[in-house]
Amino acid sequence: MTDGFDIGARAKARCDALGLAPYSEIEGQLTRRFLTPAHAAALEALAGWMAEAGMSVRRDTAANLIGRYEGEAPAAKALIIGSHIDSVRNGGRYDGPLGIMLGIDVVEALNLAGRRLPFAIEVVAFGDEEGSRFPASMSCSRAIAGVLDVSALEMRDADGVSVAEALAAFGGDPSGIASAARRPEDVLAFLEAHIEQGPVLEAESLALGVVTAIAAQKRLMVRIEGQAGHAGTTPMGLRKDPGPAAAEAMLALERICRAGADGLVGTVGRLTALPGAFNVIPGAVEFSMDIRAETSATRDAAVEAITTEIHAIAAARGLSATVTLMQALAESPCDPSLMALLDASLADLGLPVRRLPSGAGHDAMVMAALCPTTMLFIRCEGGISHNPAEAVTEADCALAARAMLTFIDKLERRERA
Ligand code: HGY
Ligand code: MN
Ligand code: MN
């Protein structure tokens, strides 16, 4: 117990509480997409917890929820602690929310101890990190970092609803979204605590790790056009079927990425045959590609190689293909001086200091446009994530909260020096 509540363990319990309806769109699993009623319900619960912790609470025009714990002086620069509240479809309970809940726990411990710092602390719940509703992602942290391309507001979900329409209906203000941007002079740093979503910490029996950099990524949509036809009457040799072409392309993507270095990975997460009937040869097949590597150069070389192969595969079959870039995120190194403070915080807790890169994307890679960033990784069972089996322990969450408080102490000493 710390200061009257089970710091860290309560953060985990709150993630569990938000893993169920009405905080999920679907009963029995966690699907919480941007600007849905489940997102609204989660923000309402978070706002209450932020207020209980001693924070003033507001929503910005981009639907970010922001709790502020004032420093010694009004309008002090802020250490922002945050992560995302949205989820992938049928996702895990800790990917995102744990970083928000740990921020609330840490602020509540400071408040109960009557501590005021030479900086404010803001806890932020970003609403759209996963991009599980609209084609692009990270729109909320982009708005705060002042790097949102307003054309993203015109992107539409599977029902044809645009970001702008959904944001207005949610109570946001698409026409005033620029006002969500923070001034660099008002922000000291960004700290994101997040599950590792990989196997390294568990394999080395480590509870926590310090992130060195976040991998570069690109999201693309591929469409291979053929000719729809009757599945029963069209001889195999007379078909213009994009299905097998897509299969060849996916195998090419796997081959290129397996042969790559620098942490190169490629994923087809969404595959659609159109019109999608049993007895119709598809007129078109669409599939997504998510390609990542530790450097943009490796990422881009892989994108170029697979794009060339896709066009060659289509041409050899008398088909046509389009490859459309949906989103590009450059690799994002974390701030060396903040990493050193996190290292020292783990050492003060008697923990081994382990630095590691992040293959997963995070809001921190966008916030780096605004301020120095640092990330604390928390071990997750089997490295499993984007899966309802995602799991963390109360003990590791408690250690993470203590590491964050130690980090804040070190930041305070640095700011007072
Ligand atoms: O896709 C990612 O890496 C993150 O989970 N959004
Ligand atoms: Mn995720
Ligand atoms: Mn995440």
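Things worth noting here:
- Solvent-free Debye calculation, one equal scatterer per alpha-carbon of the range 1-143: log10 I(q)/I(0) at 0.16 Å⁻¹ equals -0.78.
- When the alpha carbon coordinates of the range 311-359 are projected onto the principal axes, the ranges are 64, 18, 12 Å, largest first.
- Dipole magnitude for the range 216-329: computed about the Cα centre from +1 point charges on Lys and Arg Cβ and -1 point charges on Asp and Glu Cβ, it is near 180 debye.
- Centroid-to-centroid separation of the range 142-207 and the range 23-47 [C-alpha atoms, Å]: 16 Å
- Of the peptides 226-233, 175-182, the ranking by mean beta-carbon count within 10 Å, highest at the top, reads 175-182, 226-233.
- Amide H partners (placed H, <5 Å) of ARG133, local residues excluded: PHE34
- Each principal axis of the Cα cloud of the range 146-213 was taken in turn, and the coordinate range along them, longest first, works out to 48, 38, 20 Å.
- Residues with amide H under 5 Å from that of CYS334, placed H, sequence gap 5 or more: ALA213, ILE214
- Using distinct alpha-carbon pairs, which all enter the 1/r mean, Kirkwood radius of the chain in Å: 22.4 Å
- Rg/Rh for the range 216-329, where both radii come from Cα atoms and Rh is the Kirkwood radius: 1.03
- Highest mean packing first, where packing is the average number of other Cβ atoms within 10 Å per residue, the peptides 135-147, 344-356, 9-21 line up as 135-147, 9-21, 344-356.
- Cα principal axis extents for the range 110-249, largest first, Å: 78, 48, 25
- For the chain, built as a Gaussian network whose Cα springs stay under 10 Å, the top-fluctuating residue of PHE407, PHE278, PHE377: PHE278
- Once backbone amide H atoms are built at 1.01 Å from N, MET326 has ARG219, LEU220, MET221 as its partners under 5 Å, excluding neighbours fewer than 5 places away on the same chain.
- Computed lengthening from ARG183 to ARG255, 0.36 nm per intervening residue step minus Cα-Cα distance: 21.5 nm
- Under 24 Å from the Cα of LYS410 - lysines, other chains or at least 8 residues apart: LYS77
- Taking GLY260, GLY114, GLY67 as the candidate residues, the one with maximal mean-square fluctuation in a Gaussian network model of the chain, Cα springs under 10 Å, is GLY114.
- In terms of Cα atoms, the Rg and Dmax of the range 237-392 work out to 20.5, 71 Å.
- Long-range tail of P(r) for the range 335-417 (Cα pairs > 17 Å, %): 55 percent
- Within the chain: Cβ-based charge dipole about Cα centre, in debye rounded to nearest 20 (Lys, Arg +1; Asp, Glu -1): 440 debye
- When all alpha carbon pairs of the range 70-142 are counted in 10 Å bins from zero, the resulting P(r) reads 20, 40, 26, 13, 1 %.
- Derived scalar couplings between HN and Hα for the range 306-321 equal 6, 5, 4, 5, 4, 5, 5, 4, 5, 4, 5, 9, x, 10, 10, 9 Hz in order, rounded to whole Hz, by the Karplus curve 6.51 cos²θ - 1.76 cosθ + 1.60 (θ = phi - 60°), x for Gly and Pro.
- Cα-based convex hull, the range 106-180, per residue volume (Å³, whole number): 118 Å³
Quick note: the coordinates plus some simple rules give every number you see, no bench work behind them. Everything numeric here is computed off the predicted structure, so don't read it as measured data. Reconstructed Cβ throughout: ideal geometry from the backbone, glycine too, with neighbour counts over all protein chains shown.
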